[in-house]
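The values are calculated or read from the model by the stated rules, or taken from the named source; none is laboratory data. This is a predicted model, so every value here is computed, not measured. Neighbour counts run over all protein chains shown; Cβ positions are idealised from the backbone, glycine included.
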Amino acid sequence: MPSSASPWTGRALVLAGILLSALNLRTAVTSLTPLLDLLGTRFGFGPAVVGLFGMLPTAAFAVFGVATPRIAHRIGLEQAALLSMALAAAGLASRAFAGGALALAAGCVVALAGMGMGNVVLPPLVKRYFPQRVGTVSTLYLTLLQVGTIAPALLAVPLADAAGWRVSMGVWTLPAVAAGLVWLGVLWRERHGDPVLAPLHDRAVQAGDAAPELARPDLHLRPWRSPLAWGMALMFGMTSLITYSMFTWLPKLMTEAGASPAFGGTMVALFAALGLGSALTMPAVAVRMRNPFPLVLACALAYALAFPGLLLAPMAAPVLWVVLLGIGPSTFPLSLTLINLRTRTPAGSAKLSGFMQGVGYTLSCAGPILFGVLHDRSGGWGLPFAFLALCALVMVAGSWQACRERMLEDDAG
């Protein structure tokens, strides 16, 4: 393909696959949490199981953050994207037919496994197909990820009231099926000699390697020896811990303060909606800054204002506190954008993506459970928010390393 060709030429189907996949990466989470009180009553589980459901996303994302690079190395990035959407669709569908807490949890695990795979393969897919438009495509897919986070939270309770909780959760199977069909189309075009897509895989075919980006010996990259990678893992992990703790417990915090379950779901949707603004702006701002650490400090300041507000006067100005709370996780799109800004090659991008998300989600697993345990033991929300404040400080410390201007490949040994 001539070097002067547009980076978009012939790649609309791939772009559609990336964007539709991004839309499905959080639907299993926010379609469930507003319904946990209802499901707890129906299936007979209490706060401990609620905390377990809150932990499942980060646990699944951690496991598949580590496993996905090896899987995709064997079968290819596009096949891994297809597999991720197939698992997401299967898990989402099975949840809708669950007859108890165990079956509900099993469906969640399958769906979240697929979404965890999608988390890891999307950044290297962007790097592979759109190396000249990393900021633009990152903005697009992070925006769709946020839409897929907001919509289920906003619609969960109204849909359950109108058509039942099974429909409320099962309807999100449809976008996952649509994304899988698009990846089938991409694979069909590649295997039939598409003149734009096929050359990208000539090296893979010659080497007998489906995804050269994920070749383990490539560049001798060892992220676990890199201060940059560990900084990004801490930044990403603490952001995820705070975010999933709030996804899980914000509805209960609001209802304990006197709000209705529908209002709690609306506040989760508002919390997620703030991520849409950061997804639209953060990648574009980050690519123009040599060191985006000041953005991290602004996010930490938002947490410093939101946590005391939610603790001391949650219903005095709930929208204000949740808006501030929603600004804090702007470090999430920042960290995903930095994957490609702090690497020189798709190989580096893939390895940093897997390491950052695998370690980061592992660190964040205990967040929702520990937040709930601290609430139960103390009888209030003071200790849980003190825990989140400590995590925010760790996030700032990790971000200091993550935002410094250097590349992962510089740490290769």
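Values as computed for the structure displayed
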| read-out | value |
| --- | --- |
| Residue match in the range 365-377 (condition: of a type in the set (Asp, Glu), touching a Ser or Thr at 6+ places or on another chain (Cβ under 9 Å) and either more than 18 Å from Leu274 (Cα to Cα) or in contact (Cβ under 8 Å) with a residue 12 or more places away in the chain (or both)) | no |
| Those residues of the range 362-413 which are over 24 Å from the mean Cα position of the chain (by Cα), within 21 Å of Gly65 (Cα to Cα) and aliphatic (A, V, I, L, M), in sequence order | Ala412 |
| Tally of residues being surrounded by fewer than 22 Cβ atoms within 10 Å (Cβ to Cβ), over 28 Å from Leu253 (Cβ atoms) and either free of Cβ contacts under 8 Å to residues at least 60 places away in the same chain or of a type in the set (Val, Ile, Thr) (or both) across the range 9-59 | 2 |
| Residues located in the range 333-345, provided they are assigned to a helix (DSSP H, G or I) and surrounded by fewer than 24 Cβ atoms within 10 Å (Cβ to Cβ) | Leu341 |
| Filter pass, Pro308 being crowded, with 20+ Cβ neighbours inside 10 Å, more than 22 Å from Thr281 (Cα to Cα) and over 23 Å from the mean Cα position of the chain (by Cα) | no |
| The listed residue being at pLDDT 90 or above and either within 17 Å of Ala392 (Cα to Cα) or touching a helix residue (DSSP H, G or I) at 6+ places or on another chain (Cβ under 6 Å) (or both), out of Gly275, Gly237, Gly264 | Gly237 |
| The range 34-71 - residue that is over 18 Å from the mean Cα position of the chain (by Cα) and of a type in the set (Gly, Ala, Ser) and, of those, farthest from Met169 (Cα to Cα) | Ala48 |
| Residue check, Gly326 assigned to a helix (DSSP H, G or I) and within 26 Å of Val63 (Cβ to Cβ) | no |
| Some residue of the range 117-129 being outside any loop (DSSP other than H, G, I, E, B), among the aromatic types (Phe, Trp, Tyr) and in contact (Cβ under 8 Å) with a residue 12 or more places away in the chain | yes |
